[in-house]
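Notes to accompany the following structure.
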Amino acid sequence: MKSVVSYFNLVGEFTNPAKFMWGAFLSGLIAFIIAVVLVIVLRKFILVPRSGKILRFVAYTYFILLPILAAFFAFKWGFFNSLRKDIKAHQEVYAKHIPAVFDQQASSAVQSMFREPDGSPSDITKLSTNQVIDTVGVLLYNVYGSTLEQQAAQSGARGKLAAFMLHTTKGAGVAALIKKYIASFLTEKLKFEEGTSDALMETKLISIIQGGLFLNIAVIQVDLFLKGMQKGVLITFLIILAIPLAEIAIAHYLHRRKVPVTPAMAKV
């Protein structure tokens, strides 16, 4: 629950968290009701005779623990799912907190790629259009990360947001997907053929950067991160659920071994 509280406090700085909290509560409630119905329907299967009083007591606790566990993990899953939807629906709110330094540093980095300090053309002019896009994609990702580090040191809501964004870039899988997204986004927006002038390509790249590229990157990045959180919640729940399921399966196995075989059963 610590992660839920942390993200609740963070997003509460920018939007009203009531909407996505309602989605989390609804997910938990639905899971609780389904779990209650299932344990009632499967009560004979769950309450297979055990050899000891402690095991019989444990079996009865499943009627309380399983619905509570289902509700708890469904609440967390629903929270992250609702948070993803809320961030996409309120991009303009978060866009106001993205400082202009992102665009400025990225634009300066792109300009430095196309010319040497003395003003002469750089070696990038010898690359193909696709190679330039791949190179720019890696450059923009690096600028994005370094700028986040600078902003994360600030106080207030902007610093908290930058620190969160910086945290979500740590995974190698997320980093690779973001780089791939940047490259595909640039390819889609540029639509240049081989032989396009470097001046035109540079102008177009800077225009794309200043047209909200970093907001798109941030939304994609957060969405990937929250998807991973949802997956982690689901996997954790399944691992915990496997414990009572294994105990019930073992109880059935032991019970079948202890049931005497009567002549009538043998004929069957």
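Quick look at the values:
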quantity	calculated
When residues of the stretch 166-195 are limited to those that are of a type in the set (S, T, N, Q) and surrounded by 13 or more Cβ atoms within 10 Å (Cβ to Cβ), the one modelled with the highest pLDDT	187
Residues of the stretch 90-125 classified as modelled with pLDDT under 75, out of contact with any helix residue (DSSP H, G or I) (no Cβ under 8 Å at 6 or more places or on another chain) and polar (S, T, N, Q), total	1
Tally, over the stretch 35-58, of residues that are part of a helix (DSSP H, G or I) and of a type in the set (S, T, N, Q)	0
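The values are calculated or read from the model by the stated rules, or taken from the named source; none is laboratory data. The shown structure was predicted, so the numbers you read here are calculated from the model rather than taken from an experiment. Heads up, the Cβs are rebuilt from the backbone with ideal geometry, glycines too, and the neighbour counts pull from every protein chain shown.
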